[in-house]
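As structure tokens, the structure follows; a few thoughts come after it.
No lab work stands behind these numbers, since they all come straight from the coordinates. All figures in this text were calculated on a predicted structure; none of them were measured in a lab. Neighbour counts run over all protein chains shown; Cβ positions are idealised from the backbone, glycine included.
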């Protein structure tokens, strides 16, 4: 097996298993809370009390989110490798946007694991720095779509959508799975850009941001599942 063939096999296999990890962590995510009950509508004092009482489950849920995000980015990066043979420049640019999206995502998720529990504990205990911790926790609300925290998440998805616009065309191939993967990826990229324009023009109310944008992101997850078949099909023979 040549070096190029071996690398191609390893990347496609890595992409395939990254998809499996995304699906597995997605299932695990259903069993861990990511915010206090009520989310957007929860009172600040209720959120502080809940975070303090459910510290372990909250951290575990966000650690799982970190694993899911890294696996998702890995799968998309492997998808850029798949299209490199048809359009190397677009593949490189697409991989660059995945890397930037990963950086945008890891910031708020690390804050959820490290900073938010410490803020809640400090406020609850009335310890030194509680007067600073209280407004910081409000700014880092994980459910309000216009908080500093969630802004990084939506930035990450926007960067994913730029990746989608770059990779969708070259991904369109001869197999049915490649065609479906390309179309679903392209739809995600286009719809997300349209939603961004609509938001900037005031056509989407803040309370509806999550429903619209997370709904559009389901196309990305569908694309990922289909890409599992693409990775499987494009693994070179080990012979």
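Taking 0.36 nm per residue of separation and subtracting the Cα-Cα distance, full extension of the segment from residue 43 to residue 63 would add 4.7 nm. Remark: the residue 89-residue 205 segment gains 38.0 nm on full extension, using 0.36 nm per residue and subtracting the alpha carbon distance.
With the simple spin-label model, which puts each label point 7 Å out from Cα in the Cβ direction, the residue 139 to residue 225 separation comes to 4.0 nm. What the Cβ-Cβ distance of residue 14 and residue 110 gives, at R0 = 22 Å and to the nearest 0.05, is a FRET efficiency of 0.40. Between residue 151 and residue 183, how high is the FRET efficiency from 1/(1 + (r/R0)^6) when r is the Cβ-Cβ distance and R₀ = 30 Å? Nearest 0.05. It comes out at approximately 0.50. Which residue fluctuates most in the GNM of the chain (Cα springs below 10 Å): 142, 190, 27? Between 142, 190, 27, it is 27 that shows the largest mean-square fluctuation.
Below 8 Å, C-alpha to C-alpha, sequence gap of six or more: please give me the relative contact order for the chain in percent. Walk me through the numbers on the way to the answer.
Numbers: 301 pairs, mean separation 58.7, N = 239.
Computed over the chain, the figure is 25 percent.
What do you get for the angle between helix 88-125 and the principal long axis of the chain? Use alpha-carbon atoms, 0 to 90 degrees, nearest ten. The answer is roughly 20 degrees.
With the Cα gyration tensor of the stretch 1-105 giving a ≥ b ≥ c as the square roots of its eigenvalues, does the rule (a/c under 1.5 for rounded; else a/b larger than b/c for prolate; else oblate) give rounded, prolate or oblate? Don't jump to the answer; show the numbers that get you there.
On the way: a/c = 4.27, a/b = 2.48, b/c = 1.72.
Cα axes put the stretch 1-105 in the prolate bin.
Taking a point 7 Å out from the Cα of residue 34 in the direction of its Cβ, the residues of the stretch 191-217 whose backbone N falls within less than 18 Å of it are 192, 207-217.
Recomputing Rg and Dmax of the Cα atoms in Å from the coordinates shown identifies the correct label among (i) 19.8, 65; (ii) 17.2, 52; (iii) 18.0, 57 as (i).
Against the main long axis of the alpha-carbon atoms of the chain, helix 148-171 sits at an angle near 10°. Label-to-label distance, residue 24 versus residue 55, with points set 7 angstrom from Cα along the beta-carbon direction: 2.9 nm. Here each label is just a point 7 Å from Cα along the line to Cβ, and for residue 124 and residue 176 those points are 5.3 nm apart. Principal-axis analysis of the Cα atoms of the chain puts helix 44-53 at an angle of about 70° to the longest axis. Once R0 is set to 30 Å, what does the formula 1/(1 + (r/R0)^6) return for the Cβ-Cβ distance between residue 214 and residue 5, expressed as a FRET efficiency to the nearest 0.05? That gives a FRET efficiency of 0.15.
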